[in-house]
Every structure is written in C-alpha cells, then in structure tokens.
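Before any comments, here is the structure.
The values are calculated or read from the model by the stated rules, or taken from the named source; none is laboratory data. Keep in mind that what you see is a predicted model, and the values were worked out from it rather than measured. With ideal geometry, Cβ positions are generated from the backbone for all residues, glycine too; neighbour counts draw on all protein chains shown. We work out accessible area using only protein heavy atoms, side chains counted, and drop any ligands, DNA or RNA first. Shrake-Rupley method; radii C 1.70, N 1.55, O 1.52, S 1.80 Å.
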Amino acid sequence: MIAIFAGLAFLAMQTAQPDAAWTWTLYADEARVALANEVPDSPSLRFTLECEPASGVARVAFYGGAAETGMARVTAGEASAVTEATTERGAFKLALRTDHPVFAAFAANGRLTAAVGEHRRAVEVPRPHLAKLRRFTELCSG
C-alpha cells in the first residue's frame, strides 16, 4: 500500500509544473509565427497565438479547462468582437484579425477574454512579455 502511495506521489511530482517554469516564448520563421505560454521543452501549453507572416489573421488557442463551440464574444479593454469558436484536440480556438480593435487593445494591455455562453476563458500577458506580443502582431499584420 505504501508503495502505491509513493508511486502516485512520484508521478504527481513528475507531471506538476510549478508556475516558475511557465513562460512566454515567441517563435518565428518564414512560414509561421507563434507566441506560446508554455513550459519550454515540454508539451505543456496554456495559450498560443499563431499566424502566417503578414497574413493579418491570428489563430488563438486556450488549452486546459472546459472547451466550448459556438459564437464567442471576445473582449480586450473597451473593444469587443464576435467570432466563431471551435474545440480541437482539447483546445478552445478562434481567429481574430490583427487589425481589429480587440487585437489592438490586447497588444496594448495584454489582457483578452473569450466567452461562449457561460464559459469564460481569459489570458493575461505580463508586462515583461508585452514586447513579444507586440512583435507577434507586427510580424502577423498584413
């Protein structure tokens, strides 16, 4: 019995990611730009933004938690938009134009909220990482 508890404790320690391990990372090449809230060198993701360079459209994905499909109300600052949200491989996904006021407000303050029905998802990019978000926006804007 003690061996079972010891094994479970060891497994929990292996899969738990302390908050200090999470960071924001910007990836860019000629085919794709991505900004990820992740634990580097692991499959752990909380949030990603992806686009093709100069496309003007960012694909937003929230990982973990409840995922809903339907029309999402997206807000940042005083701006809001409605867009279709889907669920794909456990991620809540939607797309936003990088020239839309919602995305401009997100790039300015680092906070974005998406809601489908009663389900709300939010992300906040801390001030030290806002330059990465703004660089993402610059690379993706058409």
Report, by residue number, each residue of region 33-49 that is touching an Asp or Glu at 6+ places or on another chain (Cβ under 7 Å) and of a type in the set (S, T, Y). S44
Hey, A131 open to solvent by less than 60 Å² (accessible area, probe 1.4 Å), under 20 Å from R32 (Cβ atoms) and aliphatic (A, V, I, L, M) or not: no
Considering residues that are in contact with a strand residue (DSSP E or B) (Cβ under 7 Å, 6 or more places away or on another chain), under 20 Å from A36 (Cα atoms), aliphatic (A, V, I, L, M) and open to solvent by less than 50 Å² (accessible area, probe 1.4 Å), the number found within region 91-126 is 10
Just the residues that are among the charged types (D, E, K, R), closer than 22 Å to S141 by Cβ and in contact with a Lys or Arg (Cβ under 9 Å, 6 or more places away or on another chain), please, taken from region 59-98. R59, K93
Would you say R127 is basic (K, R) and without any contact (Cβ under 8 Å) to a residue 24 or more places away in the chain? yes
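To keep it simple, each residue is scored yes or no on (1) surrounded by fewer than 16 Cβ atoms within 10 Å (Cβ to Cβ); (2) hydrophobic (A, V, I, L, M, F, W, C); (3) within 18 Å of A131 (Cα to Cα); (4) at pLDDT 95 or above.
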| position | (1), (2), (3), (4) |
| --- | --- |
| A20 | yes, yes, no, no |
| A34 | no, yes, yes, yes |
| C51 | no, yes, yes, yes |
| A58 | no, yes, yes, yes |
| A61 | no, yes, no, yes |
| A66 | yes, yes, no, no |
| R89 | yes, no, no, no |
